[in-house]
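Got a structure here, written out as structure tokens. Questions coming.
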Amino acid sequence: MKKVILIFEGINYPQTAIDFATRLNTLSPINLTGLFVPHFEVSTVWSYGVSDSAHDFIPMVSASEAALIHNNVKAFSEYCERKKIPFTIDKEFNDLGLNSARLRSRFADLVIIGSGTLNGSDTGFAPDDLSRLLHQIECPVVIIPDSVQFPTRLVLAYDGSESALFAIKQFAYLFGELTSLPTLIAHIGEDSSIPGEDEIISLAKAHFKNFKIVNLEFEESFFSMWARELKGSMVICGAFGRSGLSNLFRKSFMTTILSDRSIPVFVAHK
Amino acid sequence: MKKILLVVDALNPSYKSLGFAVNIANLNNCRLDIVFLENFYVDSRLVVKQLSGMAYIDWDIDENSPTYKLKQERITQNIKAFGDACERYFIRYDITREYDPSASIIARSRYADLIVIDADMSFKAGFDSIPSKFVRHFLENTECPVLISQPDLKSINEIVFAYDEKESSMFALKQFTYLFPVLRDKPIEVVQVSSTWNEQQKEGLNDWLTRYYHSVKYRLLEGRPEDAIFRHMIEKQNAILVLGAYGRSVFSNFINHSTAERIIRLNSHPIFISHK
């Protein structure tokens, strides 16, 4: 039984992300932990490479916010009971905010974040901040924008890099039930030929039942626009490493996808 | 299904390792990709070549050399014999050859779920250590988990997981669990070299472990990590050791590094190593 953490930040209630977890549970039973953390300013909490808890800023929770959060906890509990999803509630208001989410993610298989979760759904999150947050979490993450349907197609973002292959493998291990969906291995990169084409086909044959390879001969900035046109797609991509400076290419690619906020994204980083 | 590679020395492939790898592939009900590694460069020498009627000397394989021909003949025979052995095991297989042992196998690891290798595989003439320099380099640079074979293993009856409160060791355990769902009914023992448990981490670890494994035990070991885990494993039979971080950064992971090497040298248990 997979252990899945769903992050509730501040007063947000990411219903689409909860629906996603519910569908996962019907495919294969999960244990869902609702991790309720205070609203925070990501850029003040996370340094680029190493988080420093000394700079964590845990804002006070007003009485009205506390009531809303209490309602969210209640609504989530009732929802899980109704849907018969084994769940736990984890309230981190006295801990060090999302810094503690890092250790919790070590002992989880997957973290789900509603993309309206960070910085509030009204304004949306800053993709750079989300990228940094993703690198602190120690297990793969699925980012679910509001109002998207459960994926009916997979798009594996492939550039031949170690991080892309890492993400593809982790997805296959965690979402074996989804590997029969139509899958596109989308090559993005400056090469006109697909790097390691025979090898990726061999690996894909071992994990994905219905896949094709496409060579996208356009700039990476168009990738999310292209993926969005494929209705019901979910993008699987690797992320730049914790020493991010040498991976600016990956960073810009990630930022583009995360900015779009219209496609579910599975991200795993080494 | 998983993509599992067995790496063998093309000139001296180990049939015991093949038997071990077949068992591992069968556990996952998947095919076995066997990679015959040969050191192409060791056969390079100054060779006279012709271009537009002009003779010149270049550094290349001397394909006319009797030694080279004999070697190639022997490798061809080995591949055929290995193929025959796979047929007898009734396993689906594929055999490929690679000529640059170190670089090629690291490149192949990117596209594999697991690589099975012997600890003493070496392409160095004369004495080499265990694990060999080749295997050490491979362990530090591989991009997928590695299983150090233990050809005499009869069955896997227990999993021993060496935890050190670091991300990398938990990552190794997760990879092992995802790759070997069939072993989830085996008892797992978590060992840590420390005088106390970090209760917060132990609680999290136990919460995760009990979702996958029915029988979980915890044990604290005393002493230096490399000695303590080494001594602990000697007492075990038919167990597999799961270790994180045979680090890329050797200095930051020297404890696991030396622990792994001592146990590899003993070669009494298969070791699953994965680093993040």
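The values are calculated or read from the model by the stated rules, or taken from the named source; none is laboratory data. These figures come from a predicted structure and were not determined experimentally. Counting neighbours? That spans all protein chains shown, and the Cβs are built from the backbone with ideal geometry, glycine included.
I'd like to verify a number: residues in the stretch A:178-205 that are at pLDDT 95 or above and closer than 29 Å to A:Ile5 by Cβ, how many?
Count: 10.
Shifting gears a bit: Using the structure shown, decide if A:Glu138 is over 18 Å from A:Ile257 (Cα atoms), touching an Asp or Glu at 6+ places or on another chain (Cβ under 9 Å) and either at pLDDT below 95 or within 11 Å of another protein chain (Cβ to nearest Cβ) (or both).
Details: over 18 Å from A:Ile257 (Cα atoms): yes; touching an Asp or Glu at 6+ places or on another chain (Cβ under 9 Å): yes; either at pLDDT below 95 or within 11 Å of another protein chain (Cβ to nearest Cβ) (or both): yes.
Yes: the conditions hold for A:Glu138.
Continuing with this model, one more query. With the checklist (1) modelled with pLDDT of 95 or more; (2) buried (at least 17 other Cβ atoms within 10 Å of the Cβ); (3) more than 30 Å from A:Pro195 (Cα to Cα) in hand, flag the one item A:Arg82 doesn't pass.
(2)
Name the pairs whose Cβ atoms lie under 8 Å apart, with the first residue in the stretch B:206-218 and more than 17 Å from B:Leu179 (Cα to Cα) and of a type in the set (Gly, Ala, Ser), the second at pLDDT 95 or above and outside any helix (DSSP H, G or I), and 6 or more positions between them or separate chains?
Final answer for the pair search is B:Ser215/B:Lys186; B:Ser215/B:Pro187; B:Ser215/B:Ile188.
Here's a check for you: in the stretch B:17-57, which residue that is among the small types (Gly, Ala, Ser) and either surrounded by fewer than 21 Cβ atoms within 10 Å (Cβ to Cβ) or in contact with a Pro (Cβ under 6 Å, 6 or more places away or on another chain) (or both) is nearest to B:His269 (Cα to Cα)?
Just the residues of the stretch B:17-57 that are among the small types (Gly, Ala, Ser), to begin with: B:17, B:19, B:21, B:25, B:44, B:52-53, B:55.
If we keep only those that are either surrounded by fewer than 21 Cβ atoms within 10 Å (Cβ to Cβ) or in contact with a Pro (Cβ under 6 Å, 6 or more places away or on another chain) (or both) too, we end up with B:17, B:19, B:44, B:52-53, B:55.
On the way: B:Ser17: 13, B:Gly19: 15, B:Ser44: 38, B:Ser52: 58, B:Gly53: 59, B:Ala55: 55 Å.
Ranking the qualifying residues of the stretch B:17-57, first place goes to B:Ser17.
So if I check each of B:Asp58, B:Asp84, which one is among the charged types (D, E, K, R), touching a strand residue (DSSP E or B) at 6+ places or on another chain (Cβ under 8 Å) and without any contact (Cβ under 8 Å) to a residue 24 or more places away in the chain?
When all the criteria are applied, what remains is B:Asp58.
Right, here's the next one. Can B:Ile159 be described as more than 14 Å from chain A (Cβ to nearest Cβ), touching a residue at least 40 places away in the same chain (Cβ under 8 Å) and closer than 27 Å to B:Leu220 by Cβ? Please lay out each step first, then the result.
Working: more than 14 Å from chain A (Cβ to nearest Cβ): yes; touching a residue at least 40 places away in the same chain (Cβ under 8 Å): yes; closer than 27 Å to B:Leu220 by Cβ: yes.
Against the criterion (more than 14 Å from chain A (Cβ to nearest Cβ), touching a residue at least 40 places away in the same chain (Cβ under 8 Å) and closer than 27 Å to B:Leu220 by Cβ), B:Ile159 qualifies.
Within the stretch B:176-205, can you find the residues that are under 20 Å from A:Ala101 (Cα atoms) and without any contact (Cβ under 8 Å) to a residue 12 or more places away in the chain?
The answer is B:Glu199, B:Gln200, B:Glu203, B:Gly204.
List, please: which pairs have Cβ atoms under 6 Å, are six or more places apart or on different chains, and start with a residue in the stretch B:98-120 that is more than 9 Å from chain A (Cβ to nearest Cβ) and end with one that is among the β-branched types (Val, Ile, Thr) and surrounded by fewer than 22 Cβ atoms within 10 Å (Cβ to Cβ)?
B:Glu98/B:Val35; B:Ala119/B:Ile130; B:Asp120/B:Ile130
Any residue in the stretch A:185-203 that is closer than 22 Å to B:Leu114 by Cβ sitting within a Cβ distance under 6 Å of a residue that is basic (Lys, Arg)? List the pairs, counting only those 6 or more apart or interchain.
A:Leu203/B:Lys3
Which ones in the stretch B:187-208 are within 14 Å of another protein chain (Cβ to nearest Cβ) and buried (at least 19 other Cβ atoms within 10 Å of the Cβ)?
B:Val190, B:Gly204, B:Leu205, B:Trp208
Okay, next question. Based on what the data block shows, is A:Leu174 more than 10 Å from chain B (Cβ to nearest Cβ), modelled with pLDDT of 95 or more and in contact with a Lys or Arg (Cβ under 8 Å, 6 or more places away or on another chain)?
Criteria not met by A:Leu174.
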